[in-house]
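The next block holds one structure in the form of structure tokens; read it before the comments.
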Amino acid sequence: MKACQIVSRKFHIDQSYRLETAKEHGAYNTLKEAFALSPVEIIKTIKESGLRGKGGGGAPAGAKWMLMPQDDERSSYLAVNCDESEPGTFKDREIISKDPHLLIEGIIITCYAIKSHDAYIYIRGEYYQFQKILQEAIDEAYTAGILGERVRGEAYRMDITIHRGAGAYICGEKSALLESMEGKRGHPRLKPKQKEPEWYFGNPTLVNNVETIASIPYIIKHGAEGYREFGTERSPGTLLFAMSGHVETPGIYEAEFGTPMFDYINYYGGGIRNGKKLKAVIPGGASTAVLTADEVACATLDYEHMRVVGSALGTGGMIVMDEDTDMVEALKNLLEFYHHESCGQCTPCREGTGWSDTILQRVLDGRGSSEDIDKLLELASIMDGKTICVFAPAVAIVIRSFIGKFRDEFEAKVTA
Amino acid sequence: MSFEFTKENLEKIEALKSRYPSPKALSLPCLWMAQYQERYISLEAIETIGDLIDLPPMEIYRVATFYTMFNLEPVGKYHIQLCKTLSCALCGKAEMLNHLKNRLGLSPGESSSDGAFTLTQVECLGSCGTAPVMQINDQYYENLTPEKIDIILDSLEEGS
Amino acid sequence: MSQIDIVIDNMTFTAEKGSLLIDLLIKHDLKVPYFCYHEALGADGNCRMCMVEIEGQKRPQIACDTLIKEEMVVRTKGENIDGVRRDILELELINHPIDCPVCDQAGECKLQDFYMDYGLYESNIKQSDKVHHRKHIDLGSSVILDQERCVLCARCTRFTSDITKTHELGIIGRGDHACVSTMPGKKLDNPYAMNIVDLCPVGALTSKDFRFQQRVWFLTSSPSICHGCAKGCNIFIDHNREKYKDETIYRFRPRENQQVNGFFICDEGRLSYKKLQDNRQLDMILNGKSCEEAEALEAYRNLLEAGSGKIVILADANLYTEELEMIQIYAQKLGATLSSPMVSDLDDAFADEWLKSSQRASNAKAIEKLGIMTDLPDEKIALLINFNHPNTVSIDAERVISFRTNQQKEPADLILPLAVFSESSGTLTNEDGIEQYCPKVITRNDPAPTVIEWMIRCQEEVE
Ligand SMILES: Cc1cc2nc3c(=O)[nH]c(=O)nc-3n(C[C@H](O)[C@H](O)[C@H](O)COP(=O)(O)O)c2cc1C
Ligand code: SF4
Ligand code: SF4
Ligand code: SF4
Ligand code: FES
Ligand code: FES
């Protein structure tokens, strides 16, 4: 397994969240280089590095940065997405609590590139204990003159404000996140008609995941080529993959894209718990199609190959399930999650998530029929492609993959 | 009944205003402050916030009812929130729930009569690698076992 | 903006580039179902019912959020898109009670229309599994909410947040627990509140005033103009004649007129229909006793000729211009002074920045244009002829003839019943000088004469 530490380099250092310690290990070293470049040059480097967003969608970061206006009288903003609510995902938390200065450094460079002076970090409300660590780091950076009126003596003002969420998965969706930051309910916005930046109180705004931003200093330091030393052609670099569920040693382990999934699970995860056999893996956070053990055997961890096996890389948060797992119960668990988290704005999702949960409950209560299973698939197609955001289509994917791949388990519940 | 922010909170709110393009952005921060101040969010607090940040109370009420972490009714001094989502469920959440129920004599959604504990089940806490997990007020407790839960609750009971 | 041609269902339509597709579909009555869009409120995109197929797009698109572009080819029907709509409709019905037979909105409920159109009447949803919400909530301002019938289109809440900016209503909660509500302990309270009853596409919001009075399919809607103030809002009068009964008005509803009132009317104007039927003056009264028309006309002549002296005619500034003109000619003929006092009294408590005008007389502009005076002569008055003027100034006249639509306490020697505006026709000039014609809508079994009819009869009698 190729060792790679693009964002996790300081994770194992004691008290790495403290400015002093972080600086001993090179924090803020790239700022000088970054300010020596022009904003456009930085964006070019990011584009060439092929960096893809690490919040789940995998959108090329460079292209998104290029949408930000370089000459506009309006202010520009950066919103760093630390909502991290996709079940199975817990990587951003590692960054903000173990290397917050890396994130701050990334934010400064990103803001400089998109000509913004105000960044917000939207943190899920539950993460308060980790938010406090990040806030201390930000305070230290202000005191040290890294943030504030002049970033390290450069004529560049930089303010970072933490914005705390309050329990709503949907606020991870970028437009819902901005609505929430505008002080409103987290309702995703209608999609724009053409390619354009997101907006915050009418001002152009860039939304990126914590890990995306935390990768920036490395790319500036080592260049696009340095970043491309890891990963594949279409999925360059690394990801903080996460593992949870039935593995011996769950956790966060940075790996390069293209790593075989099976190897990753065995090498970092120590294999399946208690010597059991693998049954299934949800590869990239709850909202990606579940894979059977056979599919896992031929899956590699990159965007293109995960598509080949009929799923998606998502957030890279793998939920591993052993042979004893009841897949009907597992789907029920996820449907409860979606039912609870639908923002309720559009009809197919608001009613579809609740209804599918109700139907599966009926099945588990022994009141179900084969038709109920078909009804779930029908609900999946109603939820697919007709809603404001991709929350409902993701539910459709989950339902289809569980029933499609484990139909016998569902049938067993309705015939028993 | 009326609600007033503490002087310290008012200063915080004023300082935050300079950080945002519009004071309306402060609805979540203000709701948090109100909740910490009173342990829940009262309608009076919503009115007060509305005045401070130039939003109609209804808009703030809508916000408060959207986010699960905002409590519009008082909760126990210790709000135990056990994660119920998949990774935790795979790693023994059911056993933890049973243990909590027995030990506290509460079902999810209930509070103890002395106001010390409220038990709720919540969705993924973003701590799946250390499942099962619960959060008590702002603190995470990870890799739970029944024994660990006992130790935690013992210390809370002593403290209260 | 330029006009371009686009193709919808194999027909070509001309439309403004960049305008909303749904507006075009509505304008040409191309049937697309929709709940949340409303021209006054704009697109919200939440109901997902207005799906159409657009050539070149993989998935169906919502028409309310689609801008018209060159070379657009749209399909609003076909197996595929009908299926999509049927699916969404079915979901809409999941938590909606199927109780049209007892629902007040039946007959003007879009949900009902649509599922009739899409053949979904028998829904296979088990009642016990539905999410139950509160029924019959008194929101205030005579509006009742049934949360179970609500499809969460947010029209009513957008009305109070974007149009009246009074913010009483909001969708609270999340997911399928979301519902329309006021703040706990607060009421819906604004002078335009009842418009949300018209806005609500289903039977979730009903008016206390109208609830269960009439099934809407029995009603006839006729265009008219509100006489509540000088704004002259355009309305529909919904009326019906039940067997053996008199023609009855059940409600006023707003009628769109972008020049005058947009889509809405005020609640006071809406409820003013009551004045058209309550407490009406229907009998002719001579010296406190009912009399026949022949007797009345004779009395009219006698009162007119009972002696010389000053004759004053009062005319209500809510009369139609044609009526006022006729009275004006009549006054000249009699050598009488014609006046419409109080036109200059403005009702500032009623007025607001939007529709409600401080000028409560609906045809005050015509009084001004016709040069009718608005004060009273100081001289002693021998005969006063009053055409429904709400005479609050005490006028000392020897003899009084009074034409009245509604009963009043004021004594008069002769009282003659008069048709209300819905029983007559004519023109009103609103405060902005817009002339609006108001047709006759109601014919009573035993009609009261209009001003013009009276004028003819009285003059025949005199000549
Ligand atoms: C339902 C939903 C939930 C999401 N949750 C998150 C999240 O918790 N964190 C995150 O970074 N992105 C999340 N996203 C993706 C964001 O919309 C957005 O694409 C991302 O933050 C962009 O950053 P990136 O390009 O750096 O990944 C979510 C998207 C959806 C549709
Ligand atoms: S798809 Fe679901 S989460 Fe997304 S906007 Fe619609 S209701 Fe909200
Ligand atoms: S009450 Fe009527 S108008 Fe209001 S949201 Fe519900 S369905 Fe729409
Ligand atoms: S504003 Fe005036 S004209 Fe319009 S409805 Fe109200 S009373 Fe009638
Ligand atoms: S599933 Fe419990 S923390 Fe994620
Ligand atoms: S009318 Fe278009 S989505 Fe509701």
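The values are calculated or read from the model by the stated rules, or taken from the named source; none is laboratory data. Here the structure is a predicted model, which is why all the values come from computation and not from measurement. Cβ atoms come from the backbone with ideal geometry, glycine included; neighbour counts cover every protein chain shown. For accessibility, only protein heavy atoms count, side chains too; no ligands or nucleic acids. Shrake-Rupley method; radii C 1.70, N 1.55, O 1.52, S 1.80 Å.
Kindly provide the set of residues from the stretch B:33-73 that are under 10 Å from the mean Cα position of the chain (by Cα) and either charged (D, E, K, R) or more than 11 Å from chain A (Cβ to nearest Cβ) (or both), ordered by number.
Listed by number, the residues that qualify are B:Arg39, B:Tyr40.
So is B:Leu90 farther than 26 Å from B:Ser127 by Cα, facing chain A (nearest Cβ under 10 Å) and more than 12 Å from the chain's Cα centre (by Cα) or not?
no
For the stretch B:63-119, enumerate the residues that are touching a residue at least 40 places away in the same chain (Cβ under 8 Å), more than 29 Å from B:Gly50 (Cα to Cα) and open to solvent by 10 Å² or more (accessible area, probe 1.4 Å).
B:Gln81, B:Leu90, B:Cys91, B:Gly92, B:Glu95, B:His99, B:Arg103, B:Leu104, B:Gly115, B:Ala116, B:Phe117
Here's a check for you: in the stretch C:424-463, which residue that is among the hydroxyl-bearing types (Ser, Thr, Tyr) and not in a loop (DSSP other than H, G, I, E, B) is least open to solvent (accessible area, probe 1.4 Å)?
Out of the qualifying residues, it is C:Thr429.
Taking the stretch B:120-160, which residues are touching a residue at least 40 places away in the same chain (Cβ under 8 Å) and more than 27 Å from A:Gly285 (Cα to Cα)?
Across the stretch B:120-160, the qualifying residues are B:Pro146, B:Ile149, B:Asp150, B:Leu153, B:Leu156, B:Glu157, B:Ser160.
Looking at C:Lys27, C:Lys31, C:Lys58, can you tell me which residue is among the basic types (Lys, Arg), within 12 Å of another protein chain (Cβ to nearest Cβ) and exposed (fewer than 14 other Cβ atoms within 10 Å of the Cβ)?
C:Lys58
So which of A:Ala36, A:Ala61, A:Ala27, A:Ala3 ends up being surrounded by fewer than 20 Cβ atoms within 10 Å (Cβ to Cβ) and either in the same structural domain as A:Ile108 (by TED's automatic domain parsing) or under 19 Å from the mean Cα position of the chain (by Cα) (or both)?
Exactly one residue qualifies, and that residue is A:Ala36.
Which one of these does A:Gly285 not meet: (1) part of a helix (DSSP H, G or I); (2) open to solvent by less than 20 Å² (accessible area, probe 1.4 Å); (3) not aromatic (Phe, Trp, Tyr)?
Failing condition for A:Gly285: (1).
Quick one: is C:Lys245 free of Cβ contacts under 8 Å to residues at least 12 places away in the same chain, open to solvent by 10 Å² or more (accessible area, probe 1.4 Å), away from ligand 2 (no atom under 16 Å from the Cβ) and on the phi < 0 side of the Ramachandran plot?
yes
With the structure loaded, tell me whether C:Lys58 is under 26 Å from C:Glu256 (Cβ atoms) and at pLDDT below 95 or whether it fails that test.
Spelling it out, it is not the case that C:Lys58 is under 26 Å from C:Glu256 (Cβ atoms) and at pLDDT below 95.
For the list (1) touching a Gly at 6+ places or on another chain (Cβ under 6 Å); (2) within 15 Å of A:Tyr120 (Cβ to Cβ); (3) open to solvent by less than 10 Å² (accessible area, probe 1.4 Å), I need the number of the one condition that A:Gly167 fails.
Checking A:Gly167 against (1) touching a Gly at 6+ places or on another chain (Cβ under 6 Å); (2) within 15 Å of A:Tyr120 (Cβ to Cβ); (3) open to solvent by less than 10 Å² (accessible area, probe 1.4 Å), the one that fails is (2).
Among all residue pairs at least 6 apart or on different chains, which show Cβ distances below 6 Å where the first residue, located in the stretch A:71-96, is away from every other protein chain (no Cβ under 12 Å) and the second is of a type in the set (Gly, Ala, Ser) and assigned to a helix (DSSP H, G or I)?
What qualifies is A:Ile95/A:Ala214.
Can you find a residue that is under 20 Å from A:Phe406 (Cα atoms), in a helix (DSSP H, G or I), within 16 Å of ligand 2 (Cβ to nearest atom) and open to solvent by less than 10 Å² (accessible area, probe 1.4 Å) anywhere in the stretch A:303-321?
No, the conditions are met nowhere in the stretch A:303-321.
Which helices (runs of 4 or more DSSP H) does the stretch A:145-244 wholly contain that include 3 or more residues that are modelled with pLDDT under 95?
In the stretch A:145-244, there are no helices (runs of 4 or more DSSP H) which contain 3 or more residues that are modelled with pLDDT under 95.
Of all residues in the stretch A:362-393, how many are facing another protein chain (nearest Cβ under 10 Å) and touching a residue at least 60 places away in the same chain (Cβ under 8 Å)?
The number of residues fulfilling the criteria is 1.
Considering every residue within the stretch A:296-319, establish whether at least one is away from ligand 1 (no atom under 16 Å from the Cβ) and within 14 Å of chain B (Cβ to nearest Cβ).
yes
Go through the stretch C:353-370 residue by residue and tally those that are open to solvent by 60 Å² or more (accessible area, probe 1.4 Å) and assigned to a loop (DSSP other than H, G, I, E, B).
3
Checking C:Leu376 against (1) over 30 Å from C:Leu219 (Cα atoms); (2) at pLDDT 95 or above, only one condition comes out false. Which one?
Evaluating C:Leu376 over (1) over 30 Å from C:Leu219 (Cα atoms); (2) at pLDDT 95 or above leaves (2) as the failure.
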